[in-house]
Structure formats: structure tokens, C-alpha cells
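Down below is the structure, laid out as C-alpha cells.
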Amino acid sequence: MAVRLLIFGRQGAGKGTQSVLLARHYGAAHISTGDMLREAVANATPIGLEAKSFMDSGCLVPDEVMLGVVEERLARPDVMAGGFLLDGFPRTIGQAEALLGLTPIDVAVDLVVAEDVVLERISSRRVCSSCGRIYSVSEPPTRAWICDTCGGDVVQRDDDTPAAVTKRLGAYTSETQPTIGWFDGKDVLVTVDGLGTREEVSARLISAIDHARHA
Ligand code: ADP
């Protein structure tokens with residue numbers, strides 16, 4: 001049966017990498033609102049032009065904009081066929097309420113990593129400007145800063161500057177933490193420890209999700 005999953009996690013918690021693996025595992029559409037917005041900015045679409053200044057300064061893009069983006073995406077055939085894994089949405093209680101008006105959710109996962117660890121990870125994070133694959137200074141692509149998957153340029157994100165990161169972590173605490181609590185109140189939340197190797201964390205996530213789906 002098609003899965004309907006959400007994944008939460010602080011900036012640098014490994015949510016992006018893990019959500020790609022999870023979506024593949026469950027045959028679900030991986031929907032990253034951050035990736036969708038970065039693509040919109042790169043293509044200078046009306047939504048990209050509207051979102052860019054919010055993103056560069058580390059602020060959340062307004063709910064009305066996000067809801068339009070997500071509603072349109074959830075209506076596509078791949079979601080109908082295999083379900084979805086939402087990465088980076090919802091981040092406010094308003095977004096959460098609107099989402100549940102569109103579709104039910106099976107499980108919401110909170111991938112938890114301590115703040116001092118994430119700060120270190122973000123400063124060394126690099127991302128493919130073409131396909132979004134994530135690397136780091138300690139795990140670079142095979143050829144210097146050329147993506148192993150698509151050949152795109154691997155760069156530091158525009159919003160991975162110290163000022164924007166601080167702002168994003170603040171928005172996470174003030175807006176997204178209460179949203180996670182809201183899902184806990186609906187009994188769909190599971191918490192997973194995000195420390196460990198990619199494989200360890202991935203196995204932990206799958207086991208927590210399977211357990212919650214069959215509970
Ligand atoms: P991070 O989790 O590191 O902040 P994302 O790639 O998920 O990065 O998002 C990058 C930026 O895109 C955010 O700082 C915000 O400006 C915007 N964004 C993405 N998803 C949302 C959302 N659900 N609501 C509001 N803004 C969003």
C-alpha cells in the first residue's frame with residue numbers, strides 16, 4: 001500500500017540524504033520543498049522570484065506560497081501510484097493543518113541530532129547545484145566538486161552562511177518544533193536518533209516507520 005510519510009529534522013540532521021533513501025525503499029515520491037524552491041529560483045519562475053529573498057536570509061517562505069507548491073505536487077500521478085515522503089514540509093502548524101486537509105498521513109518521523117553536531121555538519125556541507133545530491137568537505141565527489149551522479153557543479157548552498165544558518169535554526173525552534181509537537185498530539189510521531197553512519201540511521205528509520213505503520 002502507498003505510504004504517506006513526513007520527515008522532520010534540524011538543518012544538518014541528515015534529513016535530505018535519509019529521505020532520498022527512504023523514498024527509494026518505500027517506492028514513494030520524494031518531495032523536498034527546499035529542492036523544489038531551489039529549482040524554481042534557478043529557473044527564475046514567479047515562485048522562485050518570490051521565494052529567493054526569504055530563502056537567502058534564512059526565513060520561511062510564506063505559507064500561501066508553500067501550500068500552492070505542495071498541493072500541485074501531491075496531485076501528480078507518481079504520488080497517486082506510490083505515495084509520498086515529504087521532506088521539509090510542513091514547517092508551521094498552519095502548513096500542517098492545510099496538509100491534513102489534503103491527505104491523511106501514516107507516520108511523521110523526527111530525526112534528532114544535537115545542535116552542536118549539526119552546526120559542524122552544515123559548515124562542511126556541499127550540494128550539487130543540478131540534482132541536489134549532498135556531499136561534504138570530508139566526503140567529496142570523486143572528481144573535484146563535480147557531481148558523481150549527474151556531472152553538475154557541487155557548491156556551498158547560498159543559505160549555508162553563518163547568519164542564514166542561525167536564522168534557519170531559530171525558525172526551526174520557533175515554528176517547526178511546535179509543528180512536531182502537534183503531530184505528536186495526533187499520535188503519528190516517531191522519534192529516531194540521527195547519530196551514526198548513513199546505513200545505521202537508515203536502518204533505524206525503516207524499522208521505526210515499519211513498526212509505526214503496522215502498530
Ligand atoms: P533547511 O532544512 O536546511 O533549512 P531546506 O532545503 O529544507 O533547508 O529549505 C531551504 C529554504 O527553503 C528554507 O530556509 C525556507 O526559506 C524555504 N522552505 C523550504 N521548505 C519550506 C516550508 N515548508 N515552508 C517555508 N519555507 C520553506
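Annotations for the structure displayed:
- In the range 19-40, the residue that is nearest to residue 159 (Cα to Cα) out of those that are among the polar types (S, T, N, Q) and assigned to a helix (DSSP H, G or I) is 33.
- Some residue of the range 122-135 being in contact (Cβ under 8 Å) with a residue 12 or more places away in the chain, of a type in the set (A, V, I, L, M) and loosely packed, with under 12 Cβ neighbours inside 10 Å: no
- Test: residue in the range 60-70 that is within 12 Å of the ligand (Cβ to nearest atom), open to solvent by 10 Å² or more (accessible area, probe 1.4 Å), of a type outside the set (Ser, Thr, Tyr) and closer than 24 Å to residue 162 by Cβ: yes
- Scanning the range 131-181 for residues that are away from the ligand (no atom under 15 Å from the Cβ) and of a type in the set (S, T, N, Q) yields 138, 142, 149.
- Some residue of the range 172-182 being closer than 14 Å to residue 12 by Cα, charged (D, E, K, R) and open to solvent by 30 Å² or more (accessible area, probe 1.4 Å): no
- For residue 49, the conditions (1) crowded, with 20+ Cβ neighbours inside 10 Å; (2) free of Cβ contacts under 8 Å to residues at least 60 places away in the same chain all hold with the exception of (1).
- Between 101, 16, the distinction of being modelled with pLDDT of 95 or more, closer than 18 Å to residue 180 by Cα and part of a helix (DSSP H, G or I) belongs to 101 only.
The values are calculated or read from the model by the stated rules, or taken from the named source; none is laboratory data. From a predicted model like this one, the values you see are computed outputs, not experimental measurements. We place every Cβ from the backbone using ideal geometry, glycine too, and count neighbours over all the protein chains shown. The area values use the complete protein model at the heavy-atom level, side chains included, leaving out ligands, DNA and RNA. Shrake-Rupley method; radii C 1.70, N 1.55, O 1.52, S 1.80 Å.
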